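Here's the structure we're looking at; comments come further down.
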Amino acid sequence: MKIDDWLTVLEQEQLEATKLGLPAGSIPSFRTYPLFQIKRSDPNVFFPALIAGKLQQWKHLMTSSQTERADKIIAGIVDTFPLYKSRRGRMHYNFWPTNPDIPFPNGKVLHRFDFFRLPDDIDDTALVYSALSSNKLTILSLQQDIDEHFLRHYPKQPRVYAAWLGDKMPWVVDACAMINLLSLFQHHKLLPTAFTGTSEAYLKDIILTKRYIKTPYEVAPYYPDSAVIAYHLAKWLSGDREKLEPLIAGFVSDVEALLATERNDFKAMIYAISLLKLGVKPLREIELYRLERVSYPWFYGSMLSAVKPSWLQKMGRFRLFHIAHSCPAWNHTLWVEYTLLKKMM
């Protein structure tokens, strides 16, 4: 897929958003309950911010006319961000709109229960600030705010970046959410803190122990997919190659082995992107035309990952309790990423 084709897809998706009852300028995505085959349009900030961040990242590869189109798409997405701003007036962002503050919007049952109302989180917060191309001073203030939040509300927990920015949520660590936040700090070359150091040590450990392959749910309860975790790890490793070089050779070897035996073409493409991010040409060619109708979940709402007691929380690994989140426009974005990285090789 070419950049012009991708931009056309995004423009069409933004037009489709209002027909689905989503905020104008948003990008449609869906949540699916696989057990009951229930599908709902989902007005989250996650996928629009993720796509806007990619547009910002790749603008230097675009022509002037393509850049103009990209800027219009980004502007539409950015206009929706105030809807997701922290209900407490903090620097954080929420997955769903905070005004009105309704859990599981467009739902039939779960939206009636305050129990399912989400606090702000590091994942959406990081993606929004990446899409905004925020300056270093703003990101430094954000880092200080988040560090202080965890010290104040979770003083007995390890100094790693947990997923939720609430004051009553159980402590849940997700490697992919952590990487999205660390990558934001990494991009702005912020000085290391106790939190960044311990978080990076955690990521190094899951690479060395291969836990992202053996026990993906324990590593990333909201991204319990070894391919998607590998994609995020490659993002983190490629962001500071000089410091993280000792980890790369072993990681590449593991991902090459996963790619060689992977039967799902979309998942294989994600592994291939992970290798390409690190400058390694995959031995396997992905036939993109076979992915046209694939709806691949990028992350899951694990309904029991943040509940008490701990024994019930452990039940969250079963797919019975997972809500799949997918976005057609993000799938197209991954195709473009694969194509661009191949050309850059």
If you take the square roots of the eigenvalues of the alpha-carbon gyration tensor of region 112-255 and sort them as a ≥ b ≥ c, do you get rounded (a/c under 1.5), prolate (a/b over b/c) or oblate? oblate
Counting Lys and Arg as +1 and Asp and Glu as -1, each charge on the Cβ, what is the dipole of region 159-238 about the Cα centre in debye, to the nearest 20? 160 debye
Any chance you could run the full-extension gain for N264 through D71? It's 0.36 nm times the residue separation minus the Cα-Cα distance, nm to one decimal. 66.1 nm
By Kyte-Doolittle mean hydropathy of at least -1.0 and Cα axial length of at least 27 Å, which whole DSSP H helices of the chain are selected? 241-261
From the P(r) of region 225-284, could you give the percentage of C-alpha pairs in the tail past 15 Å? 39 percent
If you place +1 on the Cβ of every Lys and Arg and -1 on the Cβ of every Asp and Glu, how big does the dipole about the Cα centre of the chain come out, in debye to the nearest 20? 640 debye
Gyration tensor on Cα atoms of region 152-229, a ≥ b ≥ c root eigenvalues, a/c under 1.5 rounded, else prolate if a/b beats b/c, else oblate, says oblate
Inter-site label distance for R241 and K39 at 7 Å from Cα along Cβ, in nm: 4.0 nm
What order do you get for 74-87, 39-52 when each peptide is scored by the mean count of other beta carbon atoms within 10 Å, highest first? 39-52, 74-87
Using Cα pairs under 8 angstrom and six or more residues apart, how large is the relative contact order of the chain, in percent? 17 percent
Among G250, G89, G166, which one moves the most in a GNM of the chain with springs linking Cα atoms closer than 10 Å? G89
Please work out how much length the chain gains when fully extended from E11 to E287, using 0.36 nm per residue of separation minus the C-alpha to C-alpha distance, in nm with one decimal. 96.9 nm
Report the equivalent ellipsoid semi-axes for the chain in whole Å, largest first, defined as the square roots of five times the eigenvalues of the gyration tensor built from alpha carbon atoms. 27, 25, 22
How high is the FRET efficiency between D145 and S64 when r is their beta carbon distance and R₀ equals 41 Å, given to the nearest 0.05? 0.65
Grab the beta carbon distance between S295 and K2, set R0 = 30 Å, and tell me the FRET efficiency rounded to 0.05. 0.85
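Every number in this text was worked out from the coordinates using simple rules, so none of it is lab data. Note that this is a predicted model, so its numbers are computed, not measured. Heads up, the Cβs are rebuilt from the backbone with ideal geometry, glycines too, and the neighbour counts pull from every protein chain shown.
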